[in-house]
1. Mind giving me the nanometre distance, one decimal, between the label points for residue 49 and residue 105, set 7 Å out from Cα along Cα→Cβ?
2. Could you work out the local net charge near residue 66, counting Lys and Arg as +1, Asp and Glu as -1, over the other residues with Cβ closer than 9 Å to its Cβ?
3. Can you tally the net charge around residue 163? Count Lys and Arg as +1, Asp and Glu as -1, for every other residue whose Cβ sits under 13 Å from the Cβ of residue 163.
4. Tally Lys and Arg at +1 and Asp and Glu at -1 over the other residues with C-beta under 14 Å from the C-beta of residue 50: what net charge comes out?
5. Give, in nm to one decimal, the length gained when the segment between residue 128 and residue 193 is fully stretched (0.36 nm per residue of separation minus the Cα-Cα distance).
Amino acid sequence: MRHSIGRARNFSSVKLALATLAALSLAASASAISVDLVVTDAAGSGIASFNGNSVTVTEISGTGSFTVDVQLDIGDAGASVAGMSLEFDTDLSNELNVVSYQELNWSLVNMMGTVSRTFTQLSATLASSQESCSGNVATAGCTEPPPPPGIAKPPQEGQLYTFEAATTGTGPDNTTLTFARVVFEVNWSNITSDGDDIFSGFFNAQDGMFDNGSPSASAYCGSPGSNPETCEGDVTFSNIAVNKVPEPGVVPLALLATGGLLLVAPRRRR
Ligand SMILES: [Ca+2]
Ligand SMILES: [Ca+2]
Ligand SMILES: [Ca+2]
């Protein structure tokens, strides 16, 4: 099911389910899960290239957008619960807008080539979402609520909080799943080559992942700086950078300057 970005919805059922499963957590048994953000497609004018964790935008304005798949690379301890979030434009630069996002189900997927396992959403949508905004500017998704007259609206980062899936039985293991899919459009005038712009992590309080441990699932832990982080290394996250191609005028101007010197030089020798 596809969603456009909107305000927070009721997610008490997600919290309850995660809390219930968290309460079952006993001994630790670690095996890594990697959350990989992968740019899988781009459309519209102005996208120069995309490759894995990066998108390069031309200097030409247009309506370019690109698709990010959130992939879970799950090890042999498996995953019975997985919840994670995305943040973007955390530097408040508003380089990106969300066009759409999806959570994806795996019902009766043939895991490991032998058994069918169900790994499905606990909630029909996200816990909450927020568009990145430039402040007191009516940009896409940023007009609700409108700022009162004469009051500046502060800029804000983008948030897509808690993509989740879970099972009450045995979840997937030794596989890579496309867990969620997000389409972003670029705001040309704001794009800069400033490092990562889209981040994956345990950013929301209800985020977390649990293995297939028997009889009770054990919690995975996040990478340093994430929440939870108490036993770092079980879950690793990746990011995406959206950059501009180098200024097209720089090289031609340099060549022109060199050519000008060459033209001037012979005259001096006369
Ligand atoms: Ca935005
Ligand atoms: Ca940025
Ligand atoms: Ca950027």
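Bear in mind that the values in this text are calculations on the coordinates, not laboratory data. All figures in this text were calculated on a predicted structure; none of them were measured in a lab. Methodologically, a virtual Cβ is constructed for each residue, glycine included, from the backbone with ideal geometry; neighbour enumeration extends over all protein chains shown.
1. 4.0 nm
2. Numbers: positive: none; negative: 41, 185.
Residues near residue 66 contribute -2 overall.
3. Numbers: positive: 181; negative: 69, 87, 103, 164, 207.
Combined, the nearby Lys, Arg, Asp and Glu give -4.
4. Values: positive: 244; negative: 41, 69, 185, 197.
With Lys, Arg at +1 and Asp, Glu at -1, the neighbours total -3.
5. Numbers: separation 65, 0.36 × 65 = 23.40 nm, distance 2.83 nm.
Fully extending the segment from residue 128 to residue 193 adds 20.6 nm.
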